[in-house]
1. Going by the structure shown, is T111 of a type outside the set (A, V, I, L, M), over 30 Å from T174 (Cα atoms) and out of contact with any Cys (no Cβ under 6 Å at 6 or more places or on another chain)?
2. Give, as residue ranges, the helices (runs of 4 or more DSSP H) completely inside segment 1-84 that count at least 3 residues that are surrounded by fewer than 19 Cβ atoms within 10 Å (Cβ to Cβ) and under 32 Å from the mean Cα position of the chain (by Cα).
3. Go over the candidates K408, K432, K442, K373 one by one and state the one that is more than 18 Å from I30 (Cβ to Cβ), at pLDDT 95 or above and basic (K, R).
4. Just for segment 240-255: of the residues that are over 27 Å from the mean Cα position of the chain (by Cα) and charged (D, E, K, R), which one is surrounded by the most Cβ atoms within 10 Å (Cβ to Cβ)?
5. Looking for whichever is of a type in the set (A, V, I, L, M, F, W, C), in contact with a Phe, Trp or Tyr (Cβ under 9 Å, 6 or more places away or on another chain) and in a helix (DSSP H, G or I) here; the options are A157, A151. Which one fits?
6. Of all residues in segment 117-146, count the ones that are in contact with an Asp or Glu (Cβ under 8 Å, 6 or more places away or on another chain) and either of a type in the set (A, V, I, L, M, F, W, C) or more than 19 Å from E93 (Cα to Cα) (or both).
7. For segment 118-161, give me each residue that is in contact (Cβ under 8 Å) with a residue 24 or more places away in the chain and within 15 Å of R47 (Cα to Cα).
8. So how many residues does segment 90-105 have that are within 38 Å of the chain's Cα centre (by Cα) and over 12 Å from Q76 (Cα atoms)?
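The values are calculated or read from the model by the stated rules, or taken from the named source; none is laboratory data. These numbers come from a predicted model, not from an experiment. Positions of Cβ are generated from backbone atoms using ideal geometry, with glycine treated the same way; all protein chains shown enter the neighbour counts.
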Amino acid sequence: MTRHFWVLVHRYVGLTIAFFLIVAGLTGSILAFYDEIDDWLNPHSSRSHTRVAIPAGQPLLEPFDLCERALKQVPQARINLMFLRPQPGEAYEVFLEPRIDPATGQPYPLTFSGIKLNPYTGVEIERIPVAPAQEIYFPLTRKNILRFVYALHYQLAIGETGGLVFGIVALVWTVDSLVGFYLTLPKRRRKPYSTNVNVSARHSGNPCRNDDFLKQTAFKQNSFFQRWKPAWLVKWSASVLRINFDLHRAGGLWVWPMLIVFAWSSVMLNLPQIYNPVMVYFFEYPSEKEPFSDLPKPQPDPPIDFRGAYAIGQRLMAEQARLKGFTVSYKQPYSMMSYDGAKGVFNYFVSSNLDISSKRPETALTFDANTGKFIGIWPLPSGEYSGVTVGSWFLALHFAWIWGLPYKIFVCFMGLVVAMLSVTGVYIWWKKRRAAQTKLNKSTSAKIIYGRNN
């Protein structure tokens, strides 16, 4: 396939996905600062913060006590997920699931999915409403505008269909980014440049001729990187079309590795049925094991309470840390425990030195909720299996979960770059198409005039 073929592929594939990439890029720039913007719009109660006054000399209540107080207020609910580290000055969130009403055999109707408690007193602050299956975003308010932006970024705000569309777009974008990189490379010369340079000088019989200098000059001019250099530069003094072309080419080159990261990680998030087989082919993953089988009869309430399960989880995690050589970070605020009543197991999540993300615990293990027996540790987030490590990095880079404010600024910038590449690509196509039409019209007019004169 010729270079011209790939030019056409890049052009028309880019035109097809341009709208989606503009939406994803612009919304992604905003979402890089989701929490900061949300805190500004909703200073008292945002997604990540619900502020409470810190009473002098009063300690934080233990999470187990807070959850018990929540269940006293909502006895028709149960708790299957517990955050283990209440934070100073922050409301403590308790997520609830309805119990089964013995009179009807159906879950109790709950109009909320959780409550927020004062971590010092256990007093209820507010209730978290149940998220609708398909959220209605209009009219937009301070509370929902960022959720709308996120839905646009992830699903075009049209649900699962939009997510599938974005997954396909991400896959096409990944391939198109590879094609675009290839097109920036200089064209291959059929013959060495030195055989075509100063031929007359070599055979002129001039005694002053310096063949060594000619060869050295020809080699420098023929250098691959010398010919590739213009692709990395923007000629600001040129025409508007040339500036747009240079921005499109050089802009894509300078950030090309991150374009691949964002494109392929989007496939991971929206199209795992494509991502997983490809990654398994190229990277190492743990061998597939039989999933935990469900119990013959579910256990809605764990035989071991959360307080006892926490002690077991800490002991088992310490053992695994010694065996596998990692360190548990107890200073991180993110640590939690979940209970799966269908399988009768606890899952214990902590932050460790192997975690890539600084925003969530990624090191986890599972143990039996009846006996406390260790069942297994989850694949470590890094350093164990290359495929899992790469996936952890993809998530952290995509969601700006690492490196603090500088990387968030970079992700915001990258979103603008993605939009810019799409806009400049459309502009280049439009200008070339208009020039071709003008040329065609002139040619047609000339033929008509020539025909009339003859």
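1. Numbers: of a type outside the set (A, V, I, L, M): yes; over 30 Å from T174 (Cα atoms): yes; out of contact with any Cys (no Cβ under 6 Å at 6 or more places or on another chain): yes.
Yes; evaluated as a whole, the condition is true for this residue.
2. Working: elements: 3-31, 34-41, 63-73.
Those helices (runs of 4 or more DSSP H) span 3-31, 34-41.
3. Working: K408 fails: more than 18 Å from I30 (Cβ to Cβ); K432 fails: at pLDDT 95 or above; K442 fails: at pLDDT 95 or above.
The unique qualifying residue is K373.
4. Going through segment 240-255, the residues over 27 Å from the mean Cα position of the chain (by Cα) turn out to be 240-246.
Applying the additional criterion that residues be charged (D, E, K, R) yields 242, 246.
Working: R242: 14, D246: 19.
Ranking the qualifying residues of segment 240-255, first place goes to D246.
5. None of the other options fit; the residue is A151.
6. Selection size over segment 117-146: 4.
7. Scanning segment 118-161 gives I125, E126, I128, R142, K143, I145, L146, V149, Y150.
8. Just the residues of segment 90-105 that are within 38 Å of the chain's Cα centre (by Cα), to begin with: 90-100.
Within this subset, residues satisfying the condition of being over 12 Å from Q76 (Cα atoms) are 90-95.
So the answer is 6.
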